[in-house]
Amino acid sequence: MFLFTADKSVCPTLLLLALLFAGCSTYGQRVEQVRANYYSNQLEAASSAVAEARQKNRAGADVLALDQALIELAAGNAAQSEKLLREVRDRFDSLEGPAVGEAALSYLTDDNRRAYDGEDYEIVLIRAFLALSNLLHDGGDAEAYSLQLIDKQEQIIAAAAKPEKENPKANYQRVALAPYLRGVLREATHRDYDDAERSYTSVVSWQPGFRSAQADLTRATHGAHSQPGHGVVYVFALTGRGPHKIEAIEVPSSAALLVAGEIVSAVGHQTVAPNIAPVKVPLVVAQQSRVRTVAVSVDQQPRGTTEPITDITQLAIQQYQAIYPQVIARAVARRCVKKGALYGAKEATGVQKGSLTGLAYDLAGIAWEASESADLRCWSLLPDKIQVLRLELPAGDHDLALHALPPANKLLGPAATSRIRVADGRNTYVLANFPDGPLVGQVLVSQP
C-alpha cells in the first residue's frame with residue numbers, strides 16, 4: 001500500500017510490470033512431474049504431464065515436445081517420435097536470427113518471455129535422435145539426418161565467428177554418433193566402403209575414447225561387412241539421466257552492480273534502486289548416473305558391453321561453458337536496462353532525490369528486479385550417454401538380454417529381453433533406455 005499512498009503519480013507502468021511478472025512459476029517447476037513419471041516408467045502419466053505443461057507454458061511448448069518425443073520413443077512409437085522431433089527441428093530453424101520485439105520484452109522482464117530456440121547441443125542432438133528414431137521404424141532417412149547433424153554443427157560454429165575476435169564456439173565438441181551412423185549405413189550397402197572408411201575416420205578423430213572405432217575403420221578398409229551367413233546387430237543404449245538447468249546466482253556480477261549503483265546514487269541527480277535482488281542465470285549441470293554400461297547376452301551367452309559413442313552431459317556442459325560469458329552479459333545488461341529506465345523515469349517526472357516518491361520508485365525497482373527468474377527451459381529427458389555395441393551373429397532368430405550395470409558391475413534390475421531376427425548380410429538395430437537401471441519403456445527392434 002505504501003507505494004500507492006506516497007504519490008498517486010508514481011510510475012504506474014513500472015509498478016504494473018513489477019506486479020505482473022512477480023511470482024511466475026518457472027519451467028523447472030512445471031516439468032518435475034514429467035521427469036518423476038518418466039524415470040519411474042510411468043510413460044502414460046509422463047505423457048499426460050507433458051501435455052498439461054505445454055498448455056500452461058506456451059513459451060516452452062517446443063522444448064516440451066522434445067521430452068514428449070523421447071517418451072514416445074521409449075514407448076515404442078518411433079514414427080511418432082520422429083514426427084515430433086522433425087516439427088521442433090523446423091520450428092527452431094525458423095527462430096534463428098534476431099527477434100527484436102521479444103528481445104526488447106525480455107530486457108524488461110526476463111528470458112522466459114522469449115521464444116525458446118534451443119541450446120546449441122539440443123539443436124544438434126535433435127538430428128541425432130531423428131536418425132535413431134528413423135532407424136527403428138523405417139531407416140530410409142537416417143543417413144540424411146546424420147548428414148544434417150554434421151552440417152548443422154558446422155553452421156553453428158561458423159555463425160559465431162567474428163572478425164578479429166576469438167570464436168567462443170571454435171572448440172565445440174563434435175557429435176561422433178553422426179559419422180558413426182553414416183559409416184554403419186554405408187558399410188551395409190556392401191559396396192560404399194570408401195564412404196564408410198571416411199566416416200569412421202571422423203569417429204576416431206571426434207571421439208578418440210571410443211575404442212571400437214578403430215576396429216570399425218579396419219573392417220571398412222578391408223571391405224567386409226560380415227562373414228557369409230551372418231548379419232550384424234547394433235545395440236544402442238540410452239543410459240543415465242542427462243544434463244539439466246538449475247538457477248544460479250552470479251555473485252561477481254551482483255557485487256559489481258551493487259558497487260556501481262552506490263556510486264551512481266552518490267554522485268547522480270537521482271538514486272538508483274539498491275541491488276538487493278541477485279543476478280540470476282541458468283547453469284547446465286550434470287546429474288548423477290547410476291548406469292555405467294549395458295551388458296548384452298545372446299541366447300544366454302554374454303557377448304559384451306555397450307560403449308559410449310556420445311557423452312551428452314559432457315557435450316552440453318562443454319558447449320554451455322563456452323557461451324556462459326554471453327549468458328552473464330545478457331543478465332547484467334537486463335539489470336542495467338531496468339535501472340536506467342527507473343532513473344530516466346525519475347528525471348522525466350522531476351522526482352526529488354531522497355523524497356518519498358523517489359523511495360517509492362526504488363521499491364518498485366527492487367520488486368521489478370526481484371521478479372526475474374533464470375530461464376530453465378531445456379530438453380530435460382535427455383540421457384547421460386548414447387552407447388552402442390556391434391554384434392555379428394548367424395542369420396536367424398535369437399534371444400537378446402540387456403542388463404544395466406553400475407560402476408561396481410552389479411546388475412541393476414531385471415534383464416530387458418527381446419526376440420530378434422538377424423538377416424544374412426543385413427543390419428538389425430536395437431534401442432533400449434536405462435536412465436536409472438531398470439528398463440524404461442520397451443526394447444525397440446528394427447525389421448531386418
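Miscellaneous remarks
- Our compactness index for the range 144-241, the C-alpha radius of gyration over the empirical 2.2 N^0.38 Å, is 1.27.
- Here's the list of lysines a cross-link from Lys169 could span, going by alpha-carbon distance under 21 Å and ignoring same-chain residues fewer than 8 apart: Lys152, Lys245.
- Anchor Lys346: lysines whose Cα lies under 29 Å away (excluding residues fewer than 8 positions away in-chain): Lys8, Lys280, Lys338
- Sequence-distant residues sharing a close amide H with Ile309 (under 5 Å, placed H): Ile386, Gln387, Val388
- Residue-span extension gain [Ala329 to Ala45] - 0.36 nm each, minus C-alpha spacing: 98.3 nm
- Given R0 = 30 Å, the distance between the Cβ atoms of Gln227 and Gln442 translates into a calculated FRET efficiency of 0.45.
- Couplings for the range 373-386, taken from phi via the Karplus curve 6.51 cos²θ - 1.76 cosθ + 1.60 with θ = phi - 60°, read 10, 5, 7, 9, 5, 6, 6, 7, 9, 4, x, 5, 9, 9 Hz in order; Gly and Pro are left as x.
Every number in this text was worked out from the coordinates using simple rules, so none of it is lab data. Predicted model, so just to flag it, every value in this text is computed and none were measured. Virtual Cβ from ideal backbone geometry, glycine too; neighbours counted across all protein chains shown.
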